[in-house]
Amino acid sequence: MTPDKRSRKSDRFIPSRTPLSKVSYNLDKAGLSDEKSSKPLSEDFFNTLGQETLAAPTPIETTTDANENEDNRQKRRRKSLSMHTTPPRTKVLQTTTQGMLQTRSLRRVSHTPKTVLDAPYMADDQYCNLMSWSCEDVLAVALQSHIYTWRSSHVSMLCDVQETSSALRVASLAWDPTGKILAVGLDDGTTQLWDVQQRQCIGQVCKQSAKVGVINWSSGVLACGSRDGSIFVKDTRMANTNLRLRLHKGEITSLTYSAATEALASGGNDNKLYLWDIRSRGRLLKSYTDHEGAVTALSFNPHHRGVLASGGGTYDRRIVFRDTIHQGRKTLGDYDTGSQVCNLYFSTNTQELLSTHGFSQYSRGNLVCLWQYPSMKQIASIRSHLGRPIYMGVSSDGTTVATGSGDETIRFWKLFPPRQENKPESVFNLTKYIR
């Protein structure tokens with residue numbers, strides 16, 4: 001007679017139990033799953049799930065009267081034993097399980113700068129951009145006609161533009177995406193390109209009729225905004241790719257490219273905001289006219305495609321959010337800051353927005369503010385500069401911000417956490433078990 005080779009571990013004899021006591025049985029995991037294929041993360045999850053759903057029963061203590069007869073005692077005892085488990089706990093999870101959950105860490109933003117540099121003769125001009133921080137962690141600063149570079153606490157002078165042009169001072173700076181070339185806009189309308197390693201001017205990009213107060217790069221495409229209201233666009237990688245955009249009636253005060261859509265946004269002293277398609281020879285995509293003051297700051301959100309934040313000047317004081325792809329001219333919302341908006345920056349590491357502010361209708365001005373997006377709940381408000389923090393640069397890792405002011409100082413702030421490349425996987429993520 002051949003013996004039965006079937007595993008006996010799969011057979012279960014279920015005795016007669018009270019209905020509520022069945023929740024306390026335990027399955028034999030050795031017979032249901034292979035230990036070699038079991039993952040520690042899966043075991044942790046199922047152990048936690050069993051602890052929460054199949055918790056050990058706790059009898060309910062009952063009190064009886066000494067004069068109660070024996071029959072009543074037996075009935076009460078049977079009734080109490082049939083209520084095998086305790087009532088539901090007031091806490092959803094046990095204490096040990098709550099400790100496994102990821103808790104939101106408390107943000108601590110220091111109101112004291114970690115470094116302060118002297119910047120003598122730094123201009124107090126909202127329509128200039130005298131600081132730029134490269135991907136190589138080199139900070140370029142313009143003081144009158146001189147350009148200085150700062151890296152790892154070492155400061156050196158790059159050049160004096162009066163030696164290569166008729167300009168009296170520098171009006172704007174911007175590093176190219178490689179961190180090797182520095183574009184320099186001058187007050188005579190000239191834009192120069194400087195090789196920082198060779199410390200020499202390698203060419204003149206354009207000649208506009210007035211001061212070049214703002215410059216912005218996208219890959220090898222350079223955009224220069226002038227006081228005459230024109231925007232000069234050139235692809236430095238190709239010849240004969242010059243493009244001149246003329247629509248603003250006032251000075252160009254802000255420029256920014258969208259990394260997602262490759263559109264160019266421009267703000268002017270005429271209270272207008274335009275969106276351009278540079279790939280289509282400067283075709284106008286959209287125009288916005290809802291600001292009541294100069295459009296002094298622009299920033300695209302790197303986490304939400306096409307979302308643009310724009311800041312208004314002294315007569316507007318608002319931060320306005322727009323969906324430049326789907327919403328047409330309708331705004332996503334605006335926030336009245338109560339003071340002139342000097343700079344805007346969407347963090348690449350967090351869902352937060354940084355703004356700097358100048359003249360205020362209230363007593364507190366010259367602020368550096370950190371906001372949650374999209375709730376616009378203020379995380380920190382720092383008042384350290386004695387003048388308007390007009391200029392701003394961000395380190396390559398996105399954690400440190402440098403602000404420059406007419407009080408002739410540059411202050412460095414550790415405002416953002418490091419970028420998280422790989423987030424830890426939660427044991428409560430059920431989708432990882434789906435095939």
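Do you know which residues across the range 343-369 are aromatic (Phe, Trp, Tyr) and surrounded by fewer than 18 Cβ atoms within 10 Å (Cβ to Cβ)? It would help to see each step written out before you state the result.
Within the range 343-369, the first condition is being aromatic (Phe, Trp, Tyr), and the residues that meet it are 345-346, 359, 362.
Listed by number, the residues that qualify are 359, 362.
Out of (1) in a strand (DSSP E or B); (2) more than 18 Å from residue 258 (Cα to Cα); (3) modelled with pLDDT of 95 or more, the odd one out for residue 293 is which?
Just one mismatch for residue 293, condition (1).
Find all pairs meeting these conditions: Cβ atoms under 9 angstrom apart; at least six residues apart or on different chains; first residue within the range 388-415 and more than 14 Å from residue 128 (Cα to Cα); second residue among the acidic types (Asp, Glu) and assigned to a loop (DSSP other than H, G, I, E, B).
Final answer for the pair search is 395/137; 396/136; 396/137; 397/137; 407/124.
Which number in (1) within 18 Å of residue 310 (Cβ to Cβ); (2) in contact with a Lys or Arg (Cβ under 7 Å, 6 or more places away or on another chain); (3) modelled with pLDDT of 95 or more; (4) not hydroxyl-bearing (Ser, Thr, Tyr) marks the one condition that residue 338 misses?
(3)
Do we have any residue at all in the range 370-392 that's among the small types (Gly, Ala, Ser) and buried (at least 23 other Cβ atoms within 10 Å of the Cβ)?
No; the residues of the range 370-392 include none that is among the small types (Gly, Ala, Ser) and buried (at least 23 other Cβ atoms within 10 Å of the Cβ).
Name the residues in the range 181-207 that are polar (S, T, N, Q), under 32 Å from the mean Cα position of the chain (by Cα) and surrounded by fewer than 17 Cβ atoms within 10 Å (Cβ to Cβ), would you?
197
Quick one: is residue 340 more than 16 Å from the chain's Cα centre (by Cα) and either of a type in the set (S, T, N, Q) or within 18 Å of residue 317 (Cβ to Cβ) (or both)?
Answer is yes for this residue.
Of a type in the set (Ser, Thr, Tyr) and out of contact with any Ser or Thr (no Cβ under 8 Å at 6 or more places or on another chain): does that describe residue 219?
Here the answer is yes, as residue 219 does meet what is asked.
Residues in the range 324-333: is at least one among the hydrophobic types (A, V, I, L, M, F, W, C) and closer than 20 Å to residue 390 by Cα? Spell out the reasoning first.
First, pick out the residues of the range 324-333 that are among the hydrophobic types (A, V, I, L, M, F, W, C): 325, 332.
Checking the rest, the ones that are also closer than 20 Å to residue 390 by Cα come to none.
The answer is no, given that none of the residues of the range 324-333 is among the hydrophobic types (A, V, I, L, M, F, W, C) and closer than 20 Å to residue 390 by Cα.
Residue 384 versus (1) over 30 Å from residue 152 (Cβ atoms); (2) modelled with pLDDT under 95: which is the lone unmet condition?
It is condition (1) that residue 384 fails.
The values are calculated or read from the model by the stated rules, or taken from the named source; none is laboratory data. In this text, all values refer to a predicted model and were calculated from it rather than measured experimentally. Using ideal geometry, Cβ is built from the backbone for each residue, glycine included, and neighbour counts are taken over all protein chains shown.
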